[in-house]
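Asker: For reference, the structure I am asking about is given below.
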Amino acid sequence: MSTRTVGDVMTRDVITVDITDTTEEAARRMKDHATGDVVVTDSGSVLGILTDRDIAVRLVAEGLDGRTPVGEIVMQDLVSCPPDAALADVVRLMREHDVRRLPVLEGDTA
């Protein structure tokens with residue numbers, strides 16, 4: 001019996017925004033792609049994930065403008081895993097770091 005990996009179940013169509021993009025642009029991409037998060041990059045390297053909740057709590061609730069760059073509100077304590085990681089290990093990792101989403105990376109690209 002083989003162990004299931006993250007690569008078996010992950011979302012493959014990753015939506016990205018650059019760290020300098022506006023939060024309004026990030027929210028628009030979430031809406032256009034019917035998703036609750038986008039992967040944040042800087043020169044192609046993955047820095048973090050921005051969620052709809054991040055926009056609500058770190059932007060709207062703080063009275064910031066939609067022109068605020070993504071880099072000002074994204075959490076950059078990146079927790080990630082490779083596509084060959086066992087699902088059980090990734091679940092444990094997500095619980096340890098209290099995250100609901102994490103990028104699956106080969107090197108530093110999603």
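The values are calculated or read from the model by the stated rules, or taken from the named source; none is laboratory data. In this text, all values refer to a predicted model and were calculated from it rather than measured experimentally. Don't worry about glycine lacking a Cβ; one is built from the backbone with ideal geometry, like all the others, and counts go over all protein chains shown. In case anyone asks, the SASA skips ligands and DNA or RNA and just uses the protein heavy atoms, side chains included. Shrake-Rupley method; radii C 1.70, N 1.55, O 1.52, S 1.80 Å.
Asker: In degrees, nearest 10, range 0 to 90: what is the angle between the Cα axis of helix 87-97 and the longest Cα principal axis of the chain?
Answerer: With rounding to tens, the tilt is 40 degrees.
Asker: While we're looking at this one, here's another question. Leaving out ligands and nucleic acids, note down the accessible area per residue over the chain with a 1.4 angstrom probe, in whole Å². Please list the in-between numbers first.
Answerer: Working: 7030 Å² over 110 residues.
Ligands and nucleic acids excluded, the result is 64 Å² per residue.
Asker: Which Cα, out of H97, V9, G36, lies furthest along the positive dipole direction of the chain (beta carbon charges, K/R +1, D/E -1)?
Answerer: So the residue we want is V9.
Asker: Under a Cβ-only charge scheme (Lys and Arg +1, Asp and Glu -1), can you give me the dipole magnitude of the chain about the Cα centre, in debye to the nearest 20?
Answerer: Values: 12 positive and 21 negative charges, 82 e Å.
Computed charge dipole of the chain: roughly 400 debye.
Asker: For percent of Cα pairs over 19 Å apart, the choices are (1) 41; (2) 51; (3) 45; which was calculated from the structure?
Answerer: The calculated read-out lines up with (3).
Asker: Give the Rg (one decimal place) followed by the Dmax (whole number) of segment 60-103, computed from C-alpha coordinates and expressed in Å.
Answerer: 14.5, 41
Asker: Kindly work out what percent of the DSSP beta bridges joining two residues of the chain are antiparallel, to the nearest 5. Walk me through the numbers on the way to the answer.
Answerer: Numbers: 9 of 13 bridges.
Antiparallel bridges: around 70 percent, rounded to the nearest 5.
Asker: Another question about this same structure. Let me have the 222 nm mean residue ellipticity of the chain computed from DSSP H runs of 4+ only, each contributing -39500 (n - 2.57), with the sum over all residues rounded to the nearest 500. All intermediate terms of the calculation are to be shown ahead of the outcome.
Answerer: Details: 3 runs with 25 residues, N = 110.
Here the helix-only value at 222 nm equals -6000 deg cm²/dmol.
Asker: Using the alpha-carbon atoms, what tilt in degrees (0 to 90, nearest 10) does helix 23-32 show relative to the longest principal axis of the chain?
Answerer: 60 degrees
Asker: So, one more: What is the percent carbon and sulfur in the accessible area of segment 9-97, measuring with a 1.4 Å probe over the protein chains and ignoring ligands? It would help to have the intermediate numbers written out before the result.
Answerer: On the way: 2560 of 5320 Å².
In segment 9-97, the share of accessible area belonging to carbon and sulfur is 48 percent.
Asker: Another question about this same structure. Starting from segment 15-80, pick out the trypsin sites (Lys or Arg not before Pro) whose DSSP state is loop and whose Cβ has at most 13 other Cβ atoms within 10 Å.
Answerer: Details: sites: R28, R29, K31, R53, R58, R67; in loops: R67.
Filter output for segment 15-80: R67.
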